[in-house]
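The values are calculated or read from the model by the stated rules, or taken from the named source; none is laboratory data. Everything quoted here is computed from the prediction, not taken from an experiment. Positions of Cβ are generated from backbone atoms using ideal geometry, with glycine treated the same way; all protein chains shown enter the neighbour counts. Accessible surface is based on the protein model in full, side chains and every heavy atom, while ligands, DNA and RNA are left aside. Shrake-Rupley method; radii C 1.70, N 1.55, O 1.52, S 1.80 Å.
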Amino acid sequence: MTSVFDDLVGQEHIIEILRGAVAASRIGSDSQEMTHAWVFTGPPGSGRSSAAVAFAQALICPNQGCGACNECQSAASGGHPDVEIIRTEGLSIKVEEIRELLTRVAWAPSTGEWRIVVMEDADRLTESAANALLKAIEEPGTRTVWLLCAPTLHDVLPTIRSRCRHLQLRTPSSDAVKDVLINRDKISPALADFAARVSQGHIGRARYLATSESARSNRKSIMQLPLQLDSLTAALQAAQDLVDLATEEANKVSVSRDEKEIERLQEAYGKGATGRGMATGVAKAVKELEKEQKSRATRMIRDSIDGALLDLTTFYRDVMMVQSGNFESIINIDMHEQIDKYADFLTPASNINKINATMAARQVLALNAAPLATCEALMCQLARK
Ligand SMILES: [Zn+2]
């Protein structure tokens, strides 16, 4: 029998715990296995929110998470009355949003035992929002189950995390990701191998690369950048190219989504709405939505630049592998000639400096540094011998 947990690649240790909790939640026992607050942590792409959503499905499904019934499907699509999936579009989750959420989930579950809230970006809670949430989590006898997701436990306020059961997801192996792409997504073995290898365990990224030709060609252009750094002018140009490519990639996804959202909003108000009050209402709502979309677009561009920098590090990582004689573990097999050349040309110390410089650039970008200036400084460092 298929199960919602089948989709969690390389997370057997967690699936076992979640199945135990689902079983315990059925018998209505005081078993310690079921608790009403959980934190799922794991590196980007390990599938922490997929794990939380699968758990939510299993908790409300009559068959403990079959993936096929109405309950399972509506839970995953956000259409189940007792399952709420909070996906953050902005850079932070504000206290007003949490208060609004708390009034929504204050009711008893409408169909089953539990009301479930999946919060995909619990690390983006502002301090006051986290405190508002804490009160709800502490409430005794609640039928609400909180499933919070964050990159690491440190990203969650200590008062909250101390009340949650913690599950740490692992980065799945390239082979595990490859198998999923071949068996579930019907990707050809060669393409699956490439996508899994370069995505380093990030299943979402691997699937995207395997299915989008433009994403692959974009990545290819980014991977050429280290080879073009032969002057200061070239370094500055490479920085501009990197930002442009990453922006283009992010916009491709957001533009069509933005348009659909505006359309749906206008439909909700009724397209032919007349009367001054109604028209002002629509205009105001559209303006609000556009503001949210703008902040989401900024975040997506930043994420995309971060992804490009992560791709770049794989080049220098490969150089390091060749320098240390680990020829088998090269990620960018298609670039092996250039990698060999750089392995001769750069000293191991200088190569490691380049990896560190790229990681440092990612860190300052995460702290909201200006993207182009950060990339320019980085490319100048990478251009040095
Ligand atoms: Zn089901």
task: Pull up the range 71-120, narrow it to residues that are away from the ligand (no atom under 16 Å from the Cβ) and hydroxyl-bearing (S, T, Y), then point me to the one that is nearest to M34 (Cα to Cα).
output: S110
query: Does the range 365-385 include one or more residues that are modelled with pLDDT of 95 or more and closer than 17 Å to Q200 by Cα?
result: no
message: Looking at the range 204-213 only, could you name the residues that are surrounded by fewer than 17 Cβ atoms within 10 Å (Cβ to Cβ) and in contact (Cβ under 8 Å) with a residue 40 or more places away in the chain?
response: G204
message: Any residue that is open to solvent by 80 Å² or more (accessible area, probe 1.4 Å), at pLDDT 90 or above and within 20 Å of the chain's Cα centre (by Cα) - is there at least one of those in the range 182-203?
response: no
query: Among the helices (runs of 4 or more DSSP H) confined wholly to the range 287-385, which include 3 or more residues that are within 26 Å of D193 (Cα to Cα) and out of contact with any Ser or Thr (no Cβ under 9 Å at 6 or more places or on another chain)?
result: 336-345
- line: Cβ pairs under 6 Å, 6+ apart or interchain, first in the range 341-356 and surrounded by fewer than 14 Cβ atoms within 10 Å (Cβ to Cβ), second at pLDDT 95 or above and part of a helix (DSSP H, G or I), ordered by first then second residue, are P348/Q323
query: When you go through (1) under 16 Å from the mean Cα position of the chain (by Cα); (2) at pLDDT 95 or above one by one for R170, which number turns out not to apply?
result: (2)
